[in-house]
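Contents: one structure, followed by commentary.
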Amino acid sequence: ISLLGQTGLNAISFFVINTIFLYMLFKLKLLLALFHSAILTAIMGLSELAVFGIISRFFPHFVLETDAGIIFYTVFSKILFFAVIYLLIHLLKGKNINQEQYDRSGLLLMLIPVSSVFIMFTFLAETSAFAQPVDFMVTICAVFLLMVNLLVFGINQYNQKKSQEYTDMQLLLQKESDFAQYYEMILSQSENQS
């Protein structure tokens with residue numbers, strides 16, 4: 001699909017393949033798989049946009065040159081993408097492996113990476129027409145947009161973790177209440193027998 005050279009088709013196929021991969025292999029719920037695929041797509045696009053802006057700042061015509069410029073661009077954008085994903089995995093990994101509860105409010109969070117992908121496509125379509133100071137601003141905006149996506153992902157993971165801890169605490173309180181009622185019943189039964 002990437003040989004066709006259509007950025008939109010590449011991003012849609014990346015999103016769909018990631019969703020299928022997460023849904024089938026990791027057995028995530030569909031909404032959770034869609035959310036993580038949207039985050040991955042946004043991080044991938046924004047890392048490519050940031051590297052594109054940085055490289056075009058120092059080498060303005062690298063895309064028009066030989067294949068070496070494209071290879072250089074691809075290598076560094078993928079290194080940035082995998083570094084960000086690796087950092088996210090190690091910062092946000094939890095102790096328990098089970099899948100947390102995912103409510104429908106996550107659909108609203110999914111708007112942020114989806115809108116980031118749309119903004120990324122707008123930037124990529126107009127990057128060649130920008131003057132040098134504006135190109136630098138586009139790069140800075142792409143980096144900030146990447147940070148916002150990472151922040152949203154982190155907040156979502158934190159909220160899910162706190163919700164799981166709250167549910168576990170409520171379950172523990174319910175068990176203690178049941179034990180207290182059971183011991184009171186045994187105590188009253190013991191008093192009745194005596």
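The values are calculated or read from the model by the stated rules, or taken from the named source; none is laboratory data. Note that this is a predicted model, so its numbers are computed, not measured. Counting neighbours? That spans all protein chains shown, and the Cβs are built from the backbone with ideal geometry, glycine included. Please note that ligands, DNA and RNA were not included when accessible areas were found on the heavy atoms of the full protein model with its side chains. Shrake-Rupley method; radii C 1.70, N 1.55, O 1.52, S 1.80 Å.
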I'd like the FRET efficiency for Ile20 and Lys93, computed as 1/(1 + (r/R0)^6) with the beta carbon distance as r and R0 of 25 Å, rounded to 0.05.
0.65
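Using the heavy atoms of the protein chains and a 1.4 angstrom probe, tell me the accessible area per residue for the range 139-194 in square angstrom.
Values: 4330 Å² over 56 residues.
Value returned for the range 139-194: 77 Å² of accessible area per residue.
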Give me a comma-separated list of calculated 3J(HN,Hα) values for the range 187-193, in order, Karplus coefficients 6.51, -1.76, 1.60 applied at θ = phi - 60°, integers in Hz, x for any Gly or Pro.
5, 5, 5, 5, 5, 5, 5
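With Cβ to Cβ distances under 13 Å as the rule, what net charge do the other residues near Leu172 carry (K, R +1; D, E -1)? Walk me through the numbers on the way to the answer.
Numbers: positive: Lys175; negative: Glu165, Asp168, Glu176, Asp178.
Here the charged neighbours net out to -3.
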Under the rule a/c < 1.5 gives rounded, and otherwise a/b versus b/c splits prolate from oblate, where does the range 1-41 land using the Cα gyration tensor?
prolate
